[in-house]
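**Q** Please read through the structure below; I'll follow up with questions.
The values are calculated or read from the model by the stated rules, or taken from the named source; none is laboratory data. If you're wondering where the values come from, they're calculated on a predicted model, not measured in any experiment. A quick note on method: Cβ atoms are made from the backbone with ideal geometry, for glycine too, and the neighbour counts reach across all protein chains shown. The area values use the complete protein model at the heavy-atom level, side chains included, leaving out ligands, DNA and RNA. Shrake-Rupley method; radii C 1.70, N 1.55, O 1.52, S 1.80 Å.
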Amino acid sequence: GSDVRIGGIKVGVVERLSLDPDSYQAVARMRINDNIKLPKDSSASVQSAGLLGDKFVAIEPGGDEKKLADG
């Protein structure tokens, strides 16, 4: 239920977190607003709102012309 933000603006929510059993990498399933089309080379990081604030996912849009598809 944590926020997903671009430039500090909420654009979605985290639906689920899991661990890939093969690569041991974190997998985050997020629901992003339909009107937001992210470039394929966008990156995401977990950040905190202040010293004791809630955590959120910050997305930094990339420059690729191709967009991410659902899933």
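**Q** Would you mind calculating the gained length between Ser48 and Lys66 on full extension (0.36 nm times residue separation, minus the Cα-Cα distance), in nm to one decimal?
**A** Residue separation times 0.36 nm, minus the Cα-Cα distance, leaves 3.5 nm.
**Q** Please give, to one decimal in nm, the separation of the simple spin-label points placed at Leu17 and Arg5, each 7 Å out from Cα toward the Cβ.
**A** With each label point 7 Å from Cα toward Cβ, the separation is 1.7 nm.
**Q** Rounded to the nearest whole Å², what accessible area per residue is found for the chain with the 1.4 Å probe?
**A** Ligands and nucleic acids excluded, the figure is 79 Å² per residue.
**Q** A further question follows. How large is the dipole of the chain about the Cα centre if only Lys and Arg carry +1 and Asp and Glu carry -1, each at its Cβ, rounded to the nearest 20 debye?
**A** On the way: 10 positive and 11 negative charges, 37 e Å.
With only Lys, Arg, Asp and Glu charged at Cβ, the dipole is about 180 debye.
**Q** Equivalent ellipsoid semi-axes for the chain, as square roots of 5 times the alpha carbon gyration tensor eigenvalues: give them largest first, rounded to whole Å. Provide the component values of the computation, followed by the final result.
**A** Values: eigenvalues 74, 61, 27 Å².
In descending order the semi-axes read 19, 17, 12 Å.
**Q** Could you please state how large a percent of the accessible area of the chain is carbon and sulfur, counting protein chains only and using a 1.4 Å probe?
**A** Of all accessible area on the chain, carbon and sulfur atoms account for 50 percent.
**Q** Could you order the peptides 36-49, 12-25 from most to least packed, using the average number of other C-beta atoms within 10 Å per residue?
**A** Numbers: 36-49: 12.5, 12-25: 10.5.
Highest to lowest by the protection proxy: 36-49, 12-25.
**Q** Find how much the distance from Asp41 to Ala58 grows on full extension, using 0.36 nm per residue of separation minus their present alpha carbon separation; answer in nm with one decimal.
**A** Going from the current span to full extension adds 4.7 nm.
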